[in-house]
Amino acid sequence: MSAHTTLSEKERAELEAKVANTIAVLQQAESEYAKDKVVFANSLGAEDVVITDLISKHSPSIGMFVLDTGRLPEETLKLLTDVQALYSNIQVDVYYPEAGDVEQYVKEHGVNAFFESQERRKGCCFVRKIKPLKRALSNREAWITGLRREQSVTRDEIGFKEFDEGNGIDKFNPLADWTEADIWEYINANKVPYNALHDQNYPSIGCAPCTRAISAGEDVRAGRWWWENPETRECGLHPGTPVVEAKPINVMDFLPK
Ligand code: SF4
């Protein structure tokens, strides 16, 4: 099944320019840093499969990593396998949580303690995501993300390149000016593999127990940690970025028909 898009001819022309700019940003990252000093953090979300496709075609020396928290949905693991098979010219490393960290957390709090409180949830995210991210970014000079300005007010001023103070390295956001419709237009036109859950009303996908499908009219990230207070939810990988978006869009315009 392919996702629905509503791009006009003018928007398609604009997308061509955005693709060219994205390729230029990736090539800038590739040329500015030694191999292995710049890396793409691949969440396997819709944005990130676009970047994966562009890196494979235009900047294959850029390596990438996926954080496997141990709680990912089967559909995401299937996509990871498909990506590794299809894009065999690029390196896709997988980082896992430290076994001892997970064992300690579960021993103290239980296997699904993230439902009990925000503190427990953040503790689980710290063990399963933040610590592996820090390990994946250690000894790097720059990283690449799929953040887009449209995703929230806290992202609406992100640049194509900026300094990430939290991690102390440069950060590239090559899709900063892309819209949701641009993403799906590119995926469909280039037959890029994507997570099957996107076809089941999951616009934003994280760990299986912490992600649910959304209903018509709900925010695109309303299915993430839905049991928590919306004002205090945050993803942790990009500090200061709330999970619930402040600029609601009609997600049904973008979901597969
Ligand atoms: S998203 Fe849920 S399961 Fe995944 S690391 Fe965070 S709390 Fe744990």
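Quick notes on this structure:
- Solvent-accessible surface of the chain, averaged per residue with a 1.4 angstrom probe and all protein chains in place: 46 square angstrom.
- Protein-only accessible surface at a 1.4 angstrom probe places the residues LYS10, LYS129 in the order LYS10, LYS129, largest first.
- Taking 32 Å as the limit for the C-alpha separation, the pairs LYS10/LYS129; LYS10/LYS35; LYS78/LYS171; LYS107/LYS161; LYS10/LYS171; LYS35/LYS107 exceed it in the case of LYS10/LYS129; LYS10/LYS35; LYS107/LYS161; LYS35/LYS107.
- Structure-based [θ]222 nm, the chain - -39500 (n - 2.57) summed over DSSP H runs of at least 4, per residue, nearest 500: -10500 deg cm²/dmol
- Length-normalised contact order for the chain - Cα pairs under 8 Å, 6+ apart - percent: 24
- Taking only protein heavy atoms and a 1.4 Å probe, the accessible area of segment 77-171 is 49% carbon and sulfur.
- Binned Cα-Cα distances of the chain, short to long, each 5 Å bin given as a whole percent: 1, 6, 13, 18, 20, 19, 13, 7, 2, 1, 0, 0
- Straight-line reach from LYS131: taking Cα to Cα under 16 Å and skipping same-chain neighbours fewer than 8 places apart, the lysines in range are LYS122.
- Computed with a 1.4 Å probe over protein heavy atoms only, the accessible area of GLU74 comes to about 130 Å².
- Computed log₁₀ I(q)/I(0) - Debye formula, equal Cα scatterers, no solvent, segment 1-137, q 0.16, 0.20, 0.21 Å⁻¹: -0.94, -1.17, -1.22
- GluC sites (Glu not before Pro) restricted to segment 164-232 and DSSP loop, no more than 13 other C-beta within 10 Å: GLU165
- Within straight-line reach of LYS37, meaning a Cα separation under 13 Å, sit the following aspartates and glutamates at least 8 residues removed in sequence or on another chain: GLU141, ASP170.
- Note on segment 97-215: dipole from Cβ charges, positive end direction compared against VAL102, ASN188, SER138; the farthest Cα belongs to VAL102.
- Portion, in percent, of the accessible area of segment 1-50 that falls on carbon or sulfur, probe 1.4 Å: 51
- Beta bridges assigned by DSSP with both partners in the chain are antiparallel in approximately 30 percent of cases.
- Cα centroids of segment 1-59 and segment 99-175: 21 Å apart.
- Chymotrypsin sites (Phe, Trp or Tyr not before Pro) within segment 164-234: DSSP coil, no more than 16 neighbouring Cβ in 10 Å: TRP226, TRP227
- Neighbourhood net charge (9 Å Cβ-Cβ; Lys/Arg +1, Asp/Glu -1) for PHE163: -2
The values are calculated or read from the model by the stated rules, or taken from the named source; none is laboratory data. All values reported here derive from a predicted model rather than from experimental measurement. We place every Cβ from the backbone using ideal geometry, glycine too, and count neighbours over all the protein chains shown. Side chains included, ligands, DNA and RNA excluded: accessible areas come from the protein's heavy atoms. Shrake-Rupley method; radii C 1.70, N 1.55, O 1.52, S 1.80 Å.
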